[in-house]
1. Quick one: of K321/K347; K231/K321; K309/K347, which pairs are farther than 30 Å apart, Cα to Cα?
2. For segment 318-335, just list the computed ³J(HN,Hα) in residue order, Karplus coefficients 6.51, -1.76 and 1.60, θ = phi - 60°, integers in Hz, with x standing in for Gly and Pro.
3. Computed over the Cα atoms of segment 295-383, what is the ratio Rg over Rh, Rh following Kirkwood?
4. Taking +1 at the Cβ of each Lys and Arg and -1 at the Cβ of each Asp and Glu, which of V239, S148, L126 sits farthest along the dipole of segment 126-246 towards its positive end, judged by Cα position relative to the Cα centre?
5. Where Rh is the Kirkwood radius over the Cα pairs of segment 115-181, the temperature 37 °C and the viscosity 0.692 mPa s, what D in µm²/s does Stokes-Einstein return?
6. Dividing the Cα convex hull volume of segment 246-302 by residue count, how many Å³ per residue is that?
7. Return the tail of the calculated pair distribution for segment 71-192, meaning the percent of Cα-Cα pairs more than 19 Å apart.
8. Given a cut-off of under 8 Å on Cα pairs at least six residues apart, what relative contact order in percent is computed for segment 197-274?
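Values in this text are rule-based calculations from the coordinates and carry no lab data. Note that the structure is a prediction, hence the values are computed from the model and not measured. All Cβ positions, glycine included, derive from the backbone under ideal geometry; neighbour counts span all protein chains shown.
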Amino acid sequence: MGILELKCQRVVVADTDLLDQLRIDHSQRDPQTVPRHGLAWIGAGVLLLLLLLAAGGWWWSQDIPEVRVAEVVAPTVSNSGAVLQASGYVTARRAATVSAQVTGRLTEVHVEEGERVRKGQLLARLDDAQAKAALVLAQAQEAATRASLGQYRANAELAKLTLQRERKLVQRGLAPRQTLDQAVANEKSMAAVLASGRDQVAVAVARRHEAEVAYDYTFVRAPFAGVITDKAAQVGEIVSPFSAGGGFTRTGVATIVDMNSLEVDVDVNEAYLHRIFPGQLAEAVLNAYPNWTIPAHVIAIVPTADKSKATVKVRVALEQKDPRILPNMGVRVNFLAPGVKTGTPPKGLLIPKDAVVRSGGHPLVFVVLKDGRVRLVPVALGQIYQGMQQVRTGLQVGNKVIRNPPSGLANGSRVRVISNSGQ
């Protein structure tokens with residue numbers, strides 16, 4: 001057993017010496033050997049990466065087609081036939097702030113803003129107690145004078161008959177001349193009283209008319225048909241046709257505008273006034289509705305200039321009446337050259353004609369999405385306007401459609417948009 005253990009120890013020692021001989025002596029290693037080999041490998045890797053990127057870029061550029069696009073726009077007024085553009089405002093030639101003709105307290109107000117009224121329609125009422133009492137008094141005075149006139153008429157008729165009778169008696173010698181003279185004087189007196197009675201009746205009638213007018217003044221009525229644009233007073237407030245200090249008295253009940261009298265006032269620079277003439281055709285575009293063109297024409301050039309702005313006011317008539325046209329709206333007017341007719345752009349959107357492709361007889365367009373891919377969109381086409389294709393449905397303003405789509409382009413394909421300069 002002891003001999004066997006000795007042999008094993010000798011083998012272990014021999015193995016340990018062998019391992020020590022195989023170890024690398026780090027103190028004798030060349031310090032520049034490993035870095036040189038590392039830099040070589042790094043340089044080779046970078047070069048390989050660059051080659052891969054170049055190859056990928058070449059492949060990418062060969063695979064993605066370049067396209068030109070156009071933006072979908074809304075149709076606007078063509079200014080090719082316009083000799084001048086000017087801005088102005090819609091104004092009403094017939095507008096009124098309606099007030100009572102007498103001072104009084106409002107007891108009724110029957111209108112609100114935006115309400116249409118007809119000529120003579122009752123807008124408001126004032127307290128009519130005093131006016132009504134005055135009217136009743138005037139009516140009673142008229143009745144009394146008419147009753148007195150009947151009595152005067154009867155007395156005058158009696159005096160006339162008495163005169164006739166006295167004249168016959170004197171002619172027969174049955175009555176003295178003095179009685180005839182008295183009868184003549186009495187007949188003239190009764191005739192004068194009767195005439196005075198008639199005058200009193202006329203005065204009473206005039207006073208009744210005056211009281212009726214004063215009573216009618218307590219009713220505020222619309223002077224013409226139109227739309228209420230402002231309600232300035234409420235029930236219980238004092239209104240007066242005269243301005244009162246302190247702000248406790250209203251001078252108006254409501255403002256009425258005749259919408260049929262709307263027109264446009266524009267200020268034209270006096271340097272371009274020679275381009276404008278009465279009767280000239282024009283196109284008006286409201287700022288609120290930029291896609292709506294309203295045929296118009298020049299009514300008149302106001303014969304005075306604003307020296308502070310060097311402009312002249314021009315009145316322009318709108319040939320279409322529409323509830324969308326409101327007073328004080330901003331408007332742009334295109335004055336057309338002689339011979340140019342006004343035109344209204346079509347509804348819908350406009351795209352270049354070369355953006356439309358057909359598949360199976362159906363019109364389609366390629367729309368470029370934000371991620372660079374395309375989507376094939378079916379559209380409904382309309383007319384050709386100003387060299388552009390009208391699109392009724394399928395697109396929105398701001399969409400980008402591909403012009404002259406390349407062959408092989410499909411739904412979901414990736415494209416690269418190039419500059420549209422020169423188109």
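1. K309/K347
2. 8, 8, 10, 9, 8, x, 6, 7, 10, x, 6, 6, x, 8, 10, 10, 9, 7
3. Here the Rg-to-Rh quotient is 1.21.
4. S148
5. Estimated diffusion coefficient is 191 µm²/s.
6. 186
7. I get 76 percent for the Cα pairs in segment 71-192 exceeding 19 Å.
8. 26
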